[in-house]
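Working notes, structure below.
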Amino acid sequence: ALPQLLDDPHVEERSGLLNMTKIAQGGRKLRKNWGPAWVVLTGSSLVFYRERPPQSASLQGWARAGSRPESSVDLRGAALASGRQLSSRRNVLHIRTVPGHEFLLQSDEETELRDWHRALRTVIERLDRE
Ligand code: I3S
């Protein structure tokens, strides 16, 4: 069952609390609006929740209990880069998806953001090979 589990695009790869702002929607520039988000990386997408799930709940249980993501994006073909030029904040990542949705992710913890960078790159490269 393990290989099947690893292939499931909905399996969670990583989750955590990050600062996030959208900067473009469908290629149209948006005004920044930084705020905390609970971010979940699955095998194929990045999902944003307004708040973190209770420690006790599985993501599935939480979703069944009625919690809906604020937004989610398909990572297939997405571009990942440093957001250094796009923000005065430190430790910023820039993601642009194929439909032209762009956002920045930021953490005050350098290692935390580096781990997110690595996890996102792994997922995006895996999707590129499919
Ligand atoms: O890229 P910008 O325009 O310098 O981003 C800053 C602004 O969006 C600012 O909001 P207003 O211009 O709407 O007041 C935000 O408060 C800042 O956080 C933005 O810059 P950083 O460097 O934090 O991404």
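The values are calculated or read from the model by the stated rules, or taken from the named source; none is laboratory data. Please read all numbers here as calculations on a predicted model, not as lab measurements. Cβ atoms come from the backbone with ideal geometry, glycine included; neighbour counts cover every protein chain shown.
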(message) Restricting to region 21-79, name every residue that is at pLDDT 85 or above, in a loop (DSSP other than H, G, I, E, B) and over 21 Å from R118 (Cα atoms).
(response) G26, G27, L30, R31, K32, N33, W34, R50, E70
(message) What pairs come out if I take residues in region 26-39 that are closer than 22 Å to D74 by Cβ and pair them with residues that are within 13 Å of the ligand (Cβ to nearest atom) and small (G, A, S) whose C-beta lies under 6 Å away, six or more apart or interchain?
(response) L30/A24
(message) I need the full set of residues from region 101-130 which are outside any helix (DSSP H, G or I) and closer than 20 Å to T42 by Cα, in order please.
(response) H101, E102, F103, L104, L105, Q106, S107, E130
